[in-house]
Amino acid sequence: MTPRLLPWLVLSALSALSGSAWAFADDNNTVTTYVQAGYQRDSNLLRRDSASGEEADKIRILAAGVQLKLPVSLQTFTAGLDVQDVRFDRFTDLNYRSHRASAGWDWRLTPDIGGKLGWADERQPVQLKYLDQKLLDETKDRRLNASVFYRFQPEWQVEAGADDGRTTHTLQARQYLDNDSRGYSAGLRYLPTTGSSVALVAKRSTADYPNREVPVVPPTITLPFFLVDNGYTQRDLRLTADWRASETATVSAYAGQTKREHHQLNGRDFSGATGRLALDWLLSGKLRFVTGTWREIGGDEQSAFSSYAIRRGWNVEPTWYVTPKVQAKLSWRQERLQYAGAPATAVGVEQRSDKEKMLSVSADYEVLTNVVLSLSHSREKRESNQAVENYRDRMTSLFVKASF
């Protein structure tokens, strides 16, 4: 038996258990499993500027997962496992298997004193849109986190947290992106009886990169050979709010100040305002409206670059519940990314700046109880001040998912 088959066998066993042995558990216990199969056609898999059809591919996807929730007195234990197998028709050297495993303990000493412990292990590929070549680079991410709270008044609590993580890359040429990160936070939260909350949270994070990077600069710039330490320290102070505006509308937001200081080449440091605002509004029994806007630093681009991006964007997602079994969704997202943290930027190279747009339409149909058929089509476009980074892409997807 190969190690790669083990997660699938475990999931199969748990699926069987969910319909038999677990049926005798307490009603509050929850075990949910799913299996999913999908087919996609991508017109520009490699996200290249001059796509001529040679970059198109067909993709087959198999996925499965299980989630467990076990309350014991004041305690709640959780665990989960998701696995995915992705196969390409033409670019077979990009085939991969990904997974995410997690476990947690929502602990309580009393109703007013408690916290959470969590562990997660994840393996997934770096998105091809961030890579200049046809490369399979998978990240392995392991994280531990812990938090504690004390509610000293019915509507007030103090809280603190810590997290520790390690990220590594399977591609040797990109192991300068391997890093160890850790963070500590403390805050004060107000919890009115309406179900809303407001908190002031301060956090200090650090990231250490054990492998140094050789910066790439244009031939027009002459520099002596040197290696760059991409480690940094980041401090965040945020005011967060989750507001139940009504029975059908919620608003989530944060506003704050972020400061990131690098160990080397401080010309790429960041200090400025960050924030996010999101609205989820059920307009009627048949229409839901979700929208948001943000200004943040750092995201999934950091899996591919030693640079962070200043990200400014917005999204709109209306959903129409046509019938109890049919729903349709439109999604429009636009975002600007300014790569302000590249080592080359600190020595005079022009910052890369991208504008990304994505429009998608999708429909879900529950063909049988807990069996959903999903069809979607999306168009994506990127415009960059570095012309080679421009691209257009179209993707059509068909999935079927069964939940148990």
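The sole residue among G165, G187 that is touching a residue at least 24 places away in the same chain (Cβ under 8 Å), among the small types (G, A, S) and within 30 Å of D93 (Cβ to Cβ) is G165.
Can we say E301 is crowded, with 18+ Cβ neighbours inside 10 Å and acidic (D, E)? Spelling it out, E301 is indeed crowded, with 18+ Cβ neighbours inside 10 Å and acidic (D, E). V31 satisfies every condition listed in (1) surrounded by fewer than 18 Cβ atoms within 10 Å (Cβ to Cβ); (2) farther than 19 Å from P125 by Cα except (1). The conditions of being in contact with an Asp or Glu (Cβ under 9 Å, 6 or more places away or on another chain), farther than 18 Å from Y308 by Cα and at pLDDT 95 or above are met by T250. Across the stretch 282-292, which residue is modelled with the lowest pLDDT among those that are surrounded by fewer than 16 Cβ atoms within 10 Å (Cβ to Cβ) and touching a strand residue (DSSP E or B) at 6+ places or on another chain (Cβ under 8 Å)? Checking each candidate, the answer is G285. The requirement of being part of a strand (DSSP E or B), at pLDDT below 95, under 28 Å from A278 (Cβ atoms) and out of contact with any helix residue (DSSP H, G or I) (no Cβ under 9 Å at 6 or more places or on another chain) is fulfilled nowhere in the stretch 355-368; no residue meets it. Y184 passes every criterion in (1) exposed (fewer than 15 other Cβ atoms within 10 Å of the Cβ); (2) over 22 Å from K116 (Cβ atoms); (3) modelled with pLDDT of 95 or more; (4) among the hydroxyl-bearing types (S, T, Y) apart from (2).
Condition check for L46 on (1) in contact (Cβ under 8 Å) with a residue 24 or more places away in the chain; (2) surrounded by 15 or more Cβ atoms within 10 Å (Cβ to Cβ); (3) more than 19 Å from R97 (Cα to Cα): one failure, at (3). Among the residues of the stretch 121-129, not a single one is at pLDDT 95 or above and more than 23 Å from the chain's Cα centre (by Cα). Which ones in the stretch 324-351 are closer than 29 Å to R268 by Cα, touching a strand residue (DSSP E or B) at 6+ places or on another chain (Cβ under 9 Å) and in contact (Cβ under 8 Å) with a residue 40 or more places away in the chain? Within the stretch 324-351, A340, G341, A342, P343, T345, A346 qualify.
This table checks each residue for (1) on the phi < 0 side of the Ramachandran plot; (2) touching a helix residue (DSSP H, G or I) at 6+ places or on another chain (Cβ under 8 Å); (3) aliphatic (A, V, I, L, M).
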residue: G65; (1), (2), (3): yes, yes, no
residue: L70; (1), (2), (3): yes, no, yes
residue: L74; (1), (2), (3): yes, no, yes
residue: G80; (1), (2), (3): yes, no, no
residue: Q84; (1), (2), (3): yes, no, no
residue: R90; (1), (2), (3): yes, no, no
residue: H99; (1), (2), (3): yes, yes, no
residue: R108; (1), (2), (3): yes, no, no
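Put simply, of G267, G341 the only residue that is in a loop (DSSP other than H, G, I, E, B) and at pLDDT below 95 is G341.
The residues listed here are G195, G272; of these, the one that is of a type outside the set (K, R), loosely packed, with under 13 Cβ neighbours inside 10 Å and modelled with pLDDT under 95 is G195.
Listed here are the residues, each with its yes/no results for (1) more than 20 Å from T319 (Cβ to Cβ); (2) surrounded by 17 or more Cβ atoms within 10 Å (Cβ to Cβ).
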residue	(1), (2)
L359	no, no
L368	yes, no
L375	no, no
S384	yes, yes
V388	yes, no
L398	no, no
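Among the residues of the stretch 215-238, those that are part of a loop (DSSP other than H, G, I, E, B) and either closer than 15 Å to D178 by Cβ or modelled with pLDDT of 90 or more (or both) comprise L227, D229, N230, G231.
The values are calculated or read from the model by the stated rules, or taken from the named source; none is laboratory data. Only a predicted model underlies this, so the values are computations on that prediction, with no experimental measurement involved. All Cβ positions, even for glycine, are placed from backbone atoms using ideal geometry, and neighbour counts span all protein chains on display.
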